[in-house]
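The values are calculated or read from the model by the stated rules, or taken from the named source; none is laboratory data. It should be emphasised that the depicted structure is a prediction, and the values quoted were computed from it without experimental measurement. Ligands, DNA and RNA are stripped out before the accessible areas are found, and what is left, the full protein with its side chains, is counted by its heavy atoms. Shrake-Rupley method; radii C 1.70, N 1.55, O 1.52, S 1.80 Å.
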Amino acid sequence: MKRHQLTDEQWALVEPHLPRSKARTGRPPKDLRLMLDGVFWVLHTGAPWRDLPERFGPWQTVYDHFRNWRKSGVLGSIVEALQVKLDQDGYIDWDLWCVDGAHVRASRAAAGADKKVSGGTRTSRRTTRWAAGEAGSDPSSTWSLTVRAFPSRSR
């Protein structure tokens, strides 16, 4: 067995959730296991779809299967079924929550850079400095959570 391919046991869990083609004419349907292995190869390696190895078939076909499964909720039902099985086997601790933030991109403003705004947008640096001062931070801070209400001038 090659890397990124499902074992027979894993395939037995996933296969009932994949829709079978009901078409009676045209080309014979592609092997669903091969298509799913191709999807997992792309998701695991992070490679572009066009770099999919030829052993999985045309990348467009594998991508079409992935897109259709995602839109129709097939991938979601597979994840649910696997979670149910893991829960029944006692492998899921519902009191523990882990969030992987390795791929969450922060905005430039989160790092202290100015926000990109159009020239027509009015901005006020005094507001940010006031909020930072009220929060007990340095004037350069952008933390704007304060206990007191924001002082606005009525016109």
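Odds and ends about this structure:
- Arg55 - accessible surface, heavy atoms, 1.4 Å probe, Å² rounded to 10: 100 Å²
- Here, the range 39-94 yields an orientationally averaged convex hull projection of 5.0 nm² when only Cα atoms define the hull.
- Percent carbon-and-sulfur accessible area, the range 1-48, ignoring ligands, DNA and RNA, probe 1.4 Å: 53 percent
- List Asp8, Asp87, Asp37, ordered by accessible area with a 1.4 Å probe, largest first: Asp8, Asp87, Asp37
- Over the range 1-93, accessible surface divided per residue gives 72 Å², non-protein components excluded, 1.4 Å probe.
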